[in-house]
1. Here are some conditions: (1) open to solvent by 10 Å² or more (accessible area, probe 1.4 Å); (2) under 28 Å from THR271 (Cβ atoms); (3) in a helix (DSSP H, G or I); (4) of a type outside the set (A, V, I, L, M, F, W, C). ASN367 meets all but one. Which one does it not meet?
2. Please work out which residue is most open to solvent (accessible area, probe 1.4 Å), limiting yourself to segment 213-255 and to residues that are outside any helix (DSSP H, G or I) and without any contact (Cβ under 8 Å) to a residue 40 or more places away in the chain.
3. Might you check whether a residue that is among the small types (Gly, Ala, Ser), open to solvent by 20 Å² or more (accessible area, probe 1.4 Å) and in contact with a Cys (Cβ under 9 Å, 6 or more places away or on another chain) occurs anywhere in segment 258-268?
4. Taking ILE172, is it of a type in the set (Val, Ile, Thr), in contact (Cβ under 8 Å) with a residue 12 or more places away in the chain, buried (at least 22 other Cβ atoms within 10 Å of the Cβ) and over 24 Å from MET326 (Cβ atoms)?
5. Starting from segment 449-474, take each residue that is of a type in the set (Val, Ile, Thr) and list its partners that are open to solvent by less than 40 Å² (accessible area, probe 1.4 Å) and part of a helix (DSSP H, G or I), counting only C-beta distances under 6 angstrom and pairs at least six apart or across chains.
6. Name the single residue that is least open to solvent (accessible area, probe 1.4 Å) among those in segment 472-531 being assigned to a helix (DSSP H, G or I), polar (S, T, N, Q) and farther than 27 Å from PHE262 by Cβ.
7. Contact list please: Cβ distance under 6 Å, first residue in segment 499-528 and over 13 Å from ALA288 (Cα atoms) and among the charged types (D, E, K, R), second residue open to solvent by less than 70 Å² (accessible area, probe 1.4 Å) and modelled with pLDDT of 95 or more, pairs at least six apart or on different chains.
8. Can you pull out the residues in segment 13-72 that are modelled with pLDDT under 85, outside any helix (DSSP H, G or I) and either of a type in the set (Phe, Trp, Tyr) or crowded, with 21+ Cβ neighbours inside 10 Å (or both)?
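The values are calculated or read from the model by the stated rules, or taken from the named source; none is laboratory data. Nothing here was measured: the structure is a model prediction, and the numbers come from that model. Quick reminder, even Gly has a Cβ in these numbers, built from the backbone with ideal geometry, and neighbours come from all protein chains shown. Calculation scope for accessible area: heavy atoms of the full protein, side chains included, ligands and nucleic acids excluded. Shrake-Rupley method; radii C 1.70, N 1.55, O 1.52, S 1.80 Å.
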Amino acid sequence: MLWTLITFVGFTILVAVISAFVTKDDKQDSTDGYFLAGRGLPGFVIAGSLLLTNLSAEQLVGTNGQTWFVGMSPMAFEIVAAPCCIVLALFAAPRYLKGGITTIPQLIGMRYDRSTKLWFSIAYILLYLVVQIPVILYSGSLVFENIFHVSDLLGITTFQSVIILCICISVIGSLYAIVGGLKAVAVSDTVNGVGLLIGGFMIPFLALSKLGNLAIGSESGVHIIKGWSYLVENYSDMLNSIAPLNSEAPSVPWLTVFTGLFFLGLQSWCTHQSFIQRVLAAKDLKEAQKGALYCAFLKIIGFMYLALPGVIAFAIFEIQGNQVDMMDAAYPQLVTEVVPGPVMGFFAAVMFGAILSSFNSVLNSVNTMFTMDIYKEFINPQASELKCVSVGKKVGWVFAVLTTCVGPLVYFFPAGLKTFLDSLVMLIALPVVTAIFGGFFFKYLPAFSAKLVMAIHVICYGGFLLIAPQYPGGGTIHYLYAVLVLLPLELLLLAVLNANNKKKHPELKAWGLEDANAVDLTPWKYRKICAVLIIVLCIVVYAAFSPLGFGTWAYTQAF
């Protein structure tokens, strides 16, 4: 236990020292310097920060729990992220950097009007503060508690442990996000990303070795290949990623993989403020494209530590006769069984870093949106850059305290309510995708278009969640089908509004984004080659985990 504590504290301090050293000479007296790291991030830092912003301890536990329950179809969330990163690199990033924007609501204001900007800013900030950050704090704390049993170590209740962990995550994460600014967040994400890749990839190989030992009745030795052979021979149905059309969540119906799920991925990778802010901080378009495409490669291999361990866990627990009875218990139990004691502290630090990354990334984005889109725009338009930075830091501490108070309270929510709260993010996220991409595609939209789409979407998607319609043969219709239908319909509505406005006002000039001359917009010459390679790898991975590869058509749920 002492060695676990030493290695945990040691790696955590190492991340802080590296971040402090890299950012010690940074100037934070301007909004670009504080909120966008001086527009100087290189590609590899952008890639690492994008990966860690997306990846959290909750995701490690949650996605692996889903694959323990239904097989490999949830790996689609990782694979489909790769083509979304291509869209970010080739389509979105050049336009965002050309406009010299700091936030997504700022772009919405430029395309439509100030009131639309205010609508989306307030909606985004409220969702982040009331839903996303508290859920990140609670889920991360609970994950850490489930794996490392902090309550047992300290002799306290689980709820008390959650409170302590929420405070620790909030304090340390706030120091990065508020004191250090975006660059400190990005650098810490990159270092933690290296650790997470090492720690995350360690799990499936250790688990396969244990499965191999169990299969041949051995208590020692490394038997990774034997473990894989046993898995393919006995659990090929769970290695199939192609789920039926009438699948319920957490399965991913095959029809929605490159439709509804792809649309969902666009909002995460191309319009979500905490993701986009890393790209906006690139020192030029080349580095932004490198970062997005490097991240795409990392997401393709993410199934190895975010999906495969869940299936291996099911096989191991079946042999041992200690099968867990709920999804979120599968990965923590697997970790405690296969991670050697001497490296458990390092793994704990890596998990803690992943939790921190999700928290400080979203907190930094909330600070940025409030300062630049509300304070600077509507409260104090004459505020100097130094004043904006000061306000951003102060409001950051206020937001951190508020969300830390709310986070532990999620403990008392029913599990279904928590899932519903998570899904509320889509009430705003999908209309943002429609507003951004529709704004680029249609040049003559009236100013009220984005607000109309948001209102209609909230009614339709909210109604879908509340009604929970059923498949003809029974079972709740997957929410990705709602996304699949709504986004094209919303874009169709914008097309009609665009054509009608152009007809009514023939004198209107086509909207275009002016070049703000913020950074060099010369594209990376290898971007298209990388994009093609990424698509090929996606196809290869999907083919491998299908009946053409390791899977079989028989698809069963593991109850």
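1. (1)
2. Step one: of segment 213-255, the residues outside any helix (DSSP H, G or I) are 217-223, 235-253.
Within this subset, residues satisfying the condition of being without any contact (Cβ under 8 Å) to a residue 40 or more places away in the chain are 217-223, 245.
Numbers: GLY217: 66, SER218: 36, GLU219: 185, SER220: 79, GLY221: 47, VAL222: 115, HIS223: 53, LEU245: 80 Å².
My answer is GLU219.
3. Taking segment 258-268 first, the residues among the small types (Gly, Ala, Ser) are 260, 265, 268.
Filter once more, keeping what is open to solvent by 20 Å² or more (accessible area, probe 1.4 Å): 268.
With in contact with a Cys (Cβ under 9 Å, 6 or more places away or on another chain) added as a condition, the list becomes 268.
Yes, segment 258-268 contains at least one residue that is among the small types (Gly, Ala, Ser), open to solvent by 20 Å² or more (accessible area, probe 1.4 Å) and in contact with a Cys (Cβ under 9 Å, 6 or more places away or on another chain).
4. Here the answer is no, as ILE172 does not meet what is asked.
5. Going by the 6 Å Cβ cut-off, the qualifying pairs are VAL453/PRO431; VAL453/THR434; VAL453/GLU490; VAL458/LEU427.
6. Of segment 472-531, the ones assigned to a helix (DSSP H, G or I) are 479-504, 527-531.
Going one step further and asking which of them are polar (S, T, N, Q), we end up with 498, 500-501.
Within this subset, residues satisfying the condition of being farther than 27 Å from PHE262 by Cβ are 500-501.
Values: ASN500: 74, ASN501: 24 Å².
Taking the candidates together, the pick is ASN501.
7. LYS502/TYR444
8. GLN28, LEU36, LEU55, SER56
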